[in-house]
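Each reported figure results from applying straightforward, stated rules to the coordinates on display, with no laboratory input. Given the structure is predicted, the values throughout are model-derived calculations rather than measurements. Positions of Cβ are backbone-derived with ideal geometry, glycine not excepted, and every protein chain shown enters the neighbour counts.
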Amino acid sequence: MAIDNTYQAIATQTLGSATTSLNFNSISGAYTDLVLIVTGSPTAATQGQFLQFNSDTSTNYSTTYIYGDGTSAASTRTSSQTGIQIGNLTSGVQHNTIVQIMNYSNTTTYKTALSRYNNTANSTGAQVGLWRSTAAITSITVYLNSSTFIAGSTFSLYGIKAA
Amino acid sequence: MTTSWTAIASVTVGVLGTSSIDFTSIPGTYTDLCLKTSLRTNGVGAVTYAFMGMTANGTTSGYSDIHLIGNGSGAGSFSNTGAASYRQSIITNNSIGTANTFSNVDVYIPNYAGSANKSISVDAVNENNGTGAYAILSGNLLSNTSAITSLSIFQLDAQTILQYSTATLFGIKNT
């Protein structure tokens, strides 16, 4: 029973080999919000996982975090970074990350993203990220700070229509 | 364009209550699953909340979890390893607490039919207009590569899930 057509699959990619970064390009402006689902793990150590929009590598991003590491809860933030951090991943541990990108195609406001990451070997938490640009988001890059995603990692992008 | 979300099954608990809510014969035709619950249970002791467990495929070993929890006066974190279920992520309102209050829980299970270990995300609250209400963000892992074909949720103290509790399972396609 299909419930409606407001939540639509845009694209999905499953890595055939270890890869440094993953891109979704030519994202249509036909939706209101985007949802990105990532599963997998890095090939080495514990890594920060990041987003960039429209191939912007300048320091236009900031992130505020709340997280728990199994012992205590904490919150921190970073400003003027080259990407929005959406999680911490640990080698050998399957994780998942869910990112919601609101009002991504407007050309008036800066863009925000809300993410939830789940890594039972390190921490779980939520982040809100800001990209200080009024440009419509037409591409997304997902990357790790110093490692590669393992083969078999999956990246799925969905579009949500308000009407 | 593909419609991505499809309701697979929904349960509303009847007047007699139930010890568990079970989804069986889950087809492998989707990419991800999402389980949304509204729950109230009988509890043990004078507490206004209870934790639930959830097993996949009847598996009772190999689960680990990590939690971020807040109760209105502070925040903390705890974890479990070697557990018998995806545990202490799904929370409920207990019958000793405010009448007519039910928890709200969103469980996201990506790649449930794939060959990797099963990592899931749970966001849960049991607001009750008083103390003993929690918001919990959880990451859970089942170290088992079998496709998930069934899910069972139950109260960890083996108490009853009460009338009007609901659980709905959705399938999500990425193509």
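Quick rundown of the values:
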{"item": "Where only alpha carbons of the range B:37-123 are counted, the Rg and the Dmax (Å)", "result": "14.2, 43"}
{"item": "Cα-based convex hull, chain B, per residue volume (Å³, whole number)", "result": "116 Å³"}
{"item": "Residue (of B:Thr60, B:Tyr112, A:Trp131) at the positive-pole extreme of the protein assembly as shown, dipole from beta-carbon charges", "result": "A:Trp131"}
{"item": "Most mobile listed residue (B:Ala158, B:Ala135, B:Ala56) in chain B, GNM with C-alpha springs under 10 Å", "result": "B:Ala158"}
{"item": "Test item: B:7-14 mean partner chain Cβ contacts at 10 Å", "result": "1"}
{"item": "Electrostatic dipole magnitude of the range B:26-175 [Cβ: Lys, Arg +1; Asp, Glu -1; Cα centre; debye, to 20]", "result": "180 debye"}
{"item": "Selection from B:Asn126, B:Ser138, A:Ala45, by position along the positive dipole direction of the protein assembly as shown (Cβ)", "result": "A:Ala45"}
{"item": "Residue order, fewest to most beta carbons within 10 Å, for A:Ser28, B:Ser85, A:Ser62, B:Ser73", "result": "B:Ser73, A:Ser28, A:Ser62, B:Ser85"}
{"item": "Only Lys, Arg (+1) and Asp, Glu (-1) charged, at Cβ; chain A dipole about Cα centre in debye", "result": "160 debye"}
{"item": "Total charge dipole magnitude, the protein assembly as shown, about the Cα centre, Cβ charges on Lys, Arg, Asp, Glu only, Debye to nearest 20", "result": "260 debye"}
{"item": "Dmax and Rg, reported as Rg then Dmax, of the range A:16-163 (C-alpha, Å)", "result": "14.6, 43"}
{"item": "Neighbour-count order for B:Met54, A:Met102, fewest beta carbons within 10 angstrom listed first", "result": "A:Met102, B:Met54"}
{"item": "Average partner coverage of B:73-80, which counts Cβ from other chains inside 10 Å", "result": "5"}
{"item": "Flagged links, alpha-carbon separation over 19 Å, of B:Lys118/B:Lys173; A:Lys111/B:Lys173; A:Lys111/A:Lys161", "result": "A:Lys111/B:Lys173"}
{"item": "Within 10 Å of each Cβ in A:89-98, the average number of Cβ atoms from other chains", "result": "5"}
{"item": "Per-peptide average of other Cβ atoms within 10 Å, ordering B:9-15, A:119-125 highest first", "result": "A:119-125, B:9-15"}
{"item": "Cα centroid separation - the range A:60-127 against the range B:1-50, whole Å", "result": "27 Å"}
{"item": "Sequence ranges B:41-47, A:34-40, ranked by mean other-Cβ count within 10 angstrom, highest first", "result": "A:34-40, B:41-47"}
{"item": "Calculated over the protein assembly as shown: convex hull of Cα atoms, volume per residue (Å³)", "result": "137 Å³"}
